[in-house]
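The values are calculated or read from the model by the stated rules, or taken from the named source; none is laboratory data. The structure displayed is predicted, hence computed values, not measured ones. Glycine gets a Cβ as well: all are built from the backbone with ideal geometry, and neighbour counts include every protein chain shown. Accessible surface is based on the protein model in full, side chains and every heavy atom, while ligands, DNA and RNA are left aside. Shrake-Rupley method; radii C 1.70, N 1.55, O 1.52, S 1.80 Å.
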Amino acid sequence: MAGSPSPVRDDRILGRWCDPPLTFGGRRAFSFQMKPPPFATFLEEHRVPVYRFLLASVGPNEADDCFQDTFLAALRAYPKLRDASNLRGWILTIATRKAIDHARARKRRPLPVERLPERAAPEPQDADPKLWLAVRELPSAQRAALIHRYVLDLPYAEIAEVLGTTEEAARAAAYEGRKKLRAAGGSG
């Protein structure tokens, strides 16, 4: 047809027929220059302190599951989040609740039997030191306060916010936890 516009061709660059790029809202759909979505950025910024807290709180065998549960819960709640002023406190609160849930679930698990099946390989001796076993036996508030203070190096004001209590109560929980660890023979 004479006079009708022809499809765009740029044989000089590509040397072949080229479809126009896919776009969403005027932006290229598959561009290497796109910024990650907000939750991905949030995940990258907070994954290390959350994982460190969970490692100290529930141990290396269960930390991955709790980490995954924490960020799945955060992902579900993220679109409804009203105040993004303290995202670190928000995600650490979720992680603390997941660690508490894990401790409760561990208590409900069936007791071990007399005969154990053979293991493929023995566990390394230093995988779970005596101190961390003692920390995991502390009541949940004391355990969380100690880990937030001494593993994540959070100030007591932020620990209080994460635990949903006062700064004085957070100090007292950390103090009582240290006292119990000293009595049990651990360092605190």
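What are the pairs with Cβ atoms under 8 angstrom where one residue, in the range 60-78, is more than 12 Å from Ile91 (Cβ to Cβ) and the other, located anywhere, is among the β-branched types (Val, Ile, Thr) and in a helix (DSSP H, G or I)? Sequence gap at least six, or different chains.
So the pair list comes out as Cys66/Val58.
Keeping to the range 87-107, report how many residues are at pLDDT below 85 and either assigned to a loop (DSSP other than H, G, I, E, B) or not basic (Lys, Arg) (or both).
Result for the range 87-107: 0.
Given the criteria part of a helix (DSSP H, G or I), more than 10 Å from the chain's Cα centre (by Cα) and either among the aliphatic types (A, V, I, L, M) or under 17 Å from Ile159 (Cβ atoms) (or both), does Ala84 qualify?
Here the answer is no, as Ala84 does not meet what is asked.
Yes/no matrix, rows are residues, columns are (1) surrounded by 11 or more Cβ atoms within 10 Å (Cβ to Cβ); (2) modelled with pLDDT under 90; (3) within 22 Å of Arg52 (Cα to Cα):
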| position | (1), (2), (3) |
| --- | --- |
| Leu75 | yes, no, yes |
| Asp83 | no, yes, no |
| Val113 | no, yes, no |
| Ala120 | no, yes, no |
| His148 | yes, no, yes |
| Glu168 | no, no, no |
| Ala172 | yes, no, no |
| Gly185 | no, yes, no |
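Given the structure, is Ala29 open to solvent by less than 40 Å² (accessible area, probe 1.4 Å) and modelled with pLDDT under 55?
Yes, satisfied.
With respect to Ser140, is the statement that it is under 17 Å from Leu92 (Cβ atoms), among the small types (Gly, Ala, Ser) and at pLDDT below 90 true?
Judged against the criteria, Ser140 is a match.
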